[in-house]
Amino acid sequence: MPENKEDLHKTLLARNQEWSARMHRENPELFTELSKHQHPFFLWIGCADSRVPPNQITGTMPGDMFIHRNIANMVIHTDLNMLSVVDYGVNVLGIDHLIVCGHYGCGGVKAAMGPEFGGAASYWIREIRDIARMHKEELDAIVDEEKRFDRLVEINVAEQAYDLSRTAIVRDAWAKGRNLHVHGWVYGLKDGLIKDLGVTHTRYTEA
Ligand code: CO
């Protein structure tokens, strides 16, 4: 990135030109195909963190993934934005693999482990404080602070995947016989690897 911050945005536009030219060279049909329709196989709910770009870390291309991102990859049942993405992804695009992907070192989760603070982000991560309270016993037993932080990241993903599996959209899809999978994954900033938490939901279960 250039020294002059005033012109930072121009770097993006220049890189876009290079990228477009390269894509045209490597796959001449790509833009023609993508301009007609989209058939993504995956729906991704991830953190807004700049270090966790879904397509890059999964080696996927434009058109492969329907994406929703917010701070700390939350699935809040009153979030019309998230629900619209899930509704469109499941009911219109016919996606069967829904992935909630968090990441170790998540600032949102970290903030929820600290003292209360003001502002919108504080409200947004409010639920993580409740999740930490629900799992207080397990978390308190982890002496090492970083390991406790890692574990809360994993628990948060598992809880968000669970909440996603409880939405009317997902329950209705299962009721209609759809073979829908809700996965819970965690990405490692330190090694670039995704860990499958093994909390996949494939049917409606009573709580
Ligand atoms: Co994060």
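The values are calculated or read from the model by the stated rules, or taken from the named source; none is laboratory data. Computed from a predicted structure; not experimentally measured. Please note: Cβ atoms are built from the backbone with ideal geometry, for glycine as well, and neighbour counts cover all protein chains shown. When the accessible area is computed, the model is the full protein with side chains, heavy atoms only, and any ligands, DNA or RNA have been set aside. Shrake-Rupley method; radii C 1.70, N 1.55, O 1.52, S 1.80 Å.
At a glance:
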item: Size of electric dipole in the stretch 1-65: Cβ of Lys, Arg +1 and of Asp, Glu -1, about Cα centre, debye, nearest 20; result: 20 debye
item: Within the accessible area of the chain (1.4 Å probe), percent carbon and sulfur; result: 54 percent
item: 5 angstrom amide H check on residue 99, placed H, neighbours 5+ away; result: 43, 44, 45, 183
item: Cβ-based net charge around residue 58, under 13 Å, with every Lys or Arg adding one and every Asp or Glu removing one; result: -2
item: Inter-centroid distance (Cα atoms) of the stretch 3-23 relative to the stretch 68-116, Å; result: 29 Å
item: Cα shape, the chain, gyration tensor, a/c 1.5 rule; result: oblate
item: Vicinal HN-Hα couplings computed from phi for the stretch 97-111 (Karplus, 6.51 cos²θ - 1.76 cosθ + 1.60; Hz; Gly/Pro x); result: 10, 9, 10, 9, 10, x, 8, 5, x, 5, x, x, 5, 4, 4
item: The chain: most fluctuating residue of 182, 143, 157 per GNM, C-alpha cutoff 10 Å; result: 143
item: Neighbourhood charge, 10 Å Cβ-Cβ cut-off, centred on residue 189 and excluding it, Lys, Arg +1 and Asp, Glu -1; result: 0
item: Radius 15 Å from Cβ of residue 30, net charge of other residues (Lys, Arg +1; Asp, Glu -1); result: -1
item: Top positive-direction residue, dipole computed over the stretch 1-123 with Cβ charges, set 67, 38, 105; result: 105
item: Net dipole in debye of the chain [+1 Lys, Arg Cβ; -1 Asp, Glu Cβ; about Cα centre; nearest 20]; result: 280 debye
item: Amide hydrogen neighbours beyond the local backbone of residue 187, cut-off 5 Å, H modeled; result: 102, 103, 104, 195
item: Computed over the stretch 85-207: relative contact order in percent, which uses C-alpha pairs under 8 Å that are six or more apart; result: 34 percent
item: Signed unit charges on C-beta, dipole axis of the chain, positive-most listed residue 164, 132, 187; result: 164
item: Eligible lysines near residue 136 by straight Cα distance, threshold 20 Å, same-chain separation 8 or greater; result: 110, 147
item: For residue 73, residues with placed amide H under 5 Å, excluding near neighbours; result: 47, 48
item: Per residue solvent-accessible surface (Å²) - the chain, probe of 1.4 Å; result: 58 Å²
